[in-house]
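Here the structure comes first, spelled out in structure tokens, and everything after it is commentary.
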């Protein structure tokens, strides 16, 4: 019974965390984008435009939930959940304090890599069921991209797993040493780039490129279902940043005991903000450049990282 | 109380797997059939979890749902046009043959599994990743390497065959 209760509590906490990170993320994104483009961003609603996001959220919830006539209505309506649920599930295995994770699984790292990747399915069927060419092309592009970037991402995490000798995230955090950052530098870069690509965010946003595909696979969604896609994107950013800060940078161990959470959240914030910075700085890639980057640059780099770690580990 | 919930979970999983399988057989829309297959595969992963095999469950999700099913969906989308080509009516002249094959496979699987029915009602202890790794990189290393090399050869062969025209 306590397991079930704990599950419900963690589910609620996780859902609230994703919703909050979406609001903070969208506000931060608009403000940072505005700074980069020498604008002001939201500033009319509330001080510094802080109330813009609660207002937008309310508007989104109240908006009409439109299903296009040519859509396959039932699949169209459940597709957003297929995107959101796997990404939310990925959060449970991330350690949020040294030695503690909501689901302390012996295969947590594999779980984190495997389960969120199921959102590919949701993106494919969202694009297909819209019955709209732009959406279908967006869905196919998204799926091709996410499958391609899964490989370098998994390989880059594997280097850390070899160093720690465990697939349990809590063990990795405990085993973490500061010299892992220089030793693992290539792996960190590969993880960072392929995480952005996994989330379909700029400069890898060709599945939802607004100038050619309107919004790609979620072009036909309105109201709260559109909001679920947005929450998936920012939830995925949150998960990737938390995981990177905990596993690659070991920020949970920078301060002693429970204070590790301070550096952990700071590190997560830095990684998340830098993703926004990257999005608004680099131009969108062409599809062929995208595939070249995944298969001919990042995958070999991740393999080189694996070799480096493999050579070093026997001398530890 | 916990046992009841676990039992209910088992029935939910069984119902999910059955619903997925029925969708695959009876749906007239190819995409729904693929989604039914996905539901079945996820339910199977749930069964692995139920039998305390989390590694197998995660790999099942990773390989079958995240890999094979996405490949099937890709195939459907690239080959298929969206309107007006739902599968024709369920009855076809192949029906008796298909039914015979289905009954035969059911009989075969049942006859093989029937002697194991006592063993299967017990939950096996989880083998854990350490045990699997010891096995794969210890006694079974030659088999593991051979399977890997074979898959690599097959992969290269597929690329050569599929891209053979432009040379």
Please enumerate the residues belonging to region A:278-315 that are more than 26 Å from residue A:144 (Cβ to Cβ) and in contact (Cβ under 8 Å) with a residue 40 or more places away in the chain. A:308, A:309, A:310, A:312, A:313
For region B:89-112, pairs from a residue that is outside the structural domain of residue B:27 (by TED's automatic domain parsing) to a residue that is assigned to a helix (DSSP H, G or I) and at pLDDT below 90, with Cβ under 8 Å and 6 or more apart or across chains, are B:90/B:26
In region A:242-260, the residues that are in contact with a helix residue (DSSP H, G or I) (Cβ under 8 Å, 6 or more places away or on another chain) and part of a helix (DSSP H, G or I): A:242, A:243, A:244, A:245, A:246, A:247, A:248, A:251, A:252, A:253, A:260
Considering every residue within region A:220-230, establish whether at least one is surrounded by fewer than 24 Cβ atoms within 10 Å (Cβ to Cβ) and outside any helix (DSSP H, G or I). yes
Would you be able to tell me the number of residues in region B:55-67 that are touching a residue at least 12 places away in the same chain (Cβ under 8 Å) and more than 7 Å from chain A (Cβ to nearest Cβ)? 3
Please pick out the residue among B:45, B:17, B:52 that is within 14 Å of chain A (Cβ to nearest Cβ), surrounded by 17 or more Cβ atoms within 10 Å (Cβ to Cβ) and either at pLDDT 90 or above or over 23 Å from residue A:72 (Cα atoms) (or both). B:45
Could you say which residue among A:263, A:268 is over 15 Å from the mean Cα position of the chain (by Cα), at pLDDT 85 or above and either exposed (fewer than 15 other Cβ atoms within 10 Å of the Cβ) or in a helix (DSSP H, G or I) (or both)? A:263
Quick one: count up the residues across region A:167-179 that are touching a residue at least 24 places away in the same chain (Cβ under 8 Å) and under 23 Å from the mean Cα position of the chain (by Cα). 7
Name the single residue that is farthest from residue A:121 (Cα to Cα) among those in region B:73-110 being modelled with pLDDT of 70 or more and within 14 Å of chain A (Cβ to nearest Cβ). B:79
Working carefully through the options A:131, A:127, find the one that is buried (at least 23 other Cβ atoms within 10 Å of the Cβ), within 13 Å of chain B (Cβ to nearest Cβ) and out of contact with any strand residue (DSSP E or B) (no Cβ under 9 Å at 6 or more places or on another chain). A:127
Pick from region B:111-143, criterion at pLDDT 80 or above and in a loop (DSSP other than H, G, I, E, B), ranking: nearest to the other protein chains (Cβ to nearest Cβ): B:137
Residue A:284: passes all of (1) over 27 Å from residue A:180 (Cα atoms); (2) in a helix (DSSP H, G or I) but (2)
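The values are calculated or read from the model by the stated rules, or taken from the named source; none is laboratory data. Remember, it's a predicted structure, so these values are computed and weren't measured experimentally. A quick note on method: Cβ atoms are made from the backbone with ideal geometry, for glycine too, and the neighbour counts reach across all protein chains shown.
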